[in-house]
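S.K.: Please read through the structure below; I'll follow up with questions.
The values are calculated or read from the model by the stated rules, or taken from the named source; none is laboratory data. Bear in mind that the values here come from a model prediction, so they are computed numbers and not experimental data. Cβ sites come from the backbone with ideal geometry, for glycine too, and all protein chains shown count toward neighbours.
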Amino acid sequence: MGYAEILMDDAVQANRGQLIDDLQRILDASRTLHRLILSLLDPATIHHADGDADMAEYRRTLRHDLRTPINAIKGYGEMLREDAADGGAETWVADLDKLLGEATLLLDRIDGLVTFSGGDAPQDGTDPTVNEIAAPAKMVESLLKAVRPITAKEADLAAVQPSRILVVDDNASNRDLLTRRLQRQGHTVLRAEDGASALAMVEKEALDLVLLDLMMPGISGYDVLALLKGDPRFREIPVIMISALSELDSIVRCIEAGADDYLAKPFDPTLLRARVGSSLEKKHLRDRERKMVEALRIEKERSERLLLNILP
């Protein structure tokens, strides 16, 4: 909140109106997050769950509710940082880096808190937010040599053709962030705020991809996914599930139901671009294959009619 307020003051003084709206969204999300955390720390409102099942559900809700405003903070902050870096505003970049660093740190602490409350804390007194997996040094060195970072030029070359994408999320800031990210990649984006609206839009719009939030009121994202994959008309539309939940069971269920991929919120812009690009590339390849098969069928019928005319 402090960094966002400082940036807002600087934007107002510099009369940079194009930045003020996004900074206001960051401030609003920060204040929402602050209120949520204060309510969690209030003894009068602490949730008392009975049984492992209730506690597991409470941890999932806790992670989802806290991640939603963090997703807005990180998403708008990353876009502002990109714009500031392109404009040569080093001071803005430094302050935005601090803001994003604090958001990432809080996100890690939330994950550690939820894991700790689930009884997964280590018994040796170490920090429960740290989850280290040892690996041989040679293996790590070999991996780093093999996997080199993607350059900006390669990222541009790997860009897929502009497509029509439906974003489904009950949170307005999530819809806006995803829409703006995808529009920057040249795509046409349609939006739906719940499962019923999404199903209605799929019925009347030609779509290349659906980005679908898992947890929504009414018809859940999982139910929307099951309905789409159960209908032969829409089965070929790729679906990427997006959720603040990171449980393996949720991911496995979505993949088994036909989801093409899964992204955790808050999403990483590079990972979002890569997974959207991969899903769209497969979709366009299938579309081209279908057109080729249809063209071959038509040509075969034409040849057969010609043969029948020559050799009745």
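S.K.: Among HIS48, HIS34, HIS64, which is the only one that is in the same structural domain as ASP97 (by TED's automatic domain parsing) and either over 23 Å from GLY101 (Cα atoms) or modelled with pLDDT under 70 (or both)?
M.R.: Details: HIS34 fails: either over 23 Å from GLY101 (Cα atoms) or modelled with pLDDT under 70 (or both); HIS64 fails: either over 23 Å from GLY101 (Cα atoms) or modelled with pLDDT under 70 (or both).
Just a single option satisfies the conditions, and that option is HIS48.
S.K.: Residues in the range 112-124: is at least one within 28 Å of GLU5 (Cα to Cα) and either modelled with pLDDT of 55 or more or surrounded by 15 or more Cβ atoms within 10 Å (Cβ to Cβ) (or both)? Lay out the reasoning, then the answer.
M.R.: First, the residues of the range 112-124 that are within 28 Å of GLU5 (Cα to Cα): 112-113.
Then keep just the ones that are either modelled with pLDDT of 55 or more or surrounded by 15 or more Cβ atoms within 10 Å (Cβ to Cβ) (or both); that gives 112-113.
The answer is yes; a qualifying residue exists.
S.K.: Let me ask something else about it. Does at least one position in the range 188-195 carry a residue that is closer than 23 Å to ILE110 by Cβ and not in a loop (DSSP other than H, G, I, E, B)?
M.R.: At the first step, the residues of the range 188-195 found to be closer than 23 Å to ILE110 by Cβ are none.
No - not one qualifying residue is present in the range 188-195.
One line per residue, one yes/no per condition, for (1) free of Cβ contacts under 8 Å to residues at least 24 places away in the same chain; (2) of a type in the set (Phe, Trp, Tyr); (3) in the same structural domain as LEU100 (by TED's automatic domain parsing); (4) closer than 17 Å to ASN174 by Cβ:
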site: MET216; (1), (2), (3), (4): no, no, no, yes
site: ILE237; (1), (2), (3), (4): no, no, no, no
site: TYR262; (1), (2), (3), (4): yes, yes, no, yes
site: LYS265; (1), (2), (3), (4): no, no, no, yes
site: PRO269; (1), (2), (3), (4): no, no, no, yes
site: GLU299; (1), (2), (3), (4): yes, no, no, no
site: ILE310; (1), (2), (3), (4): yes, no, no, no
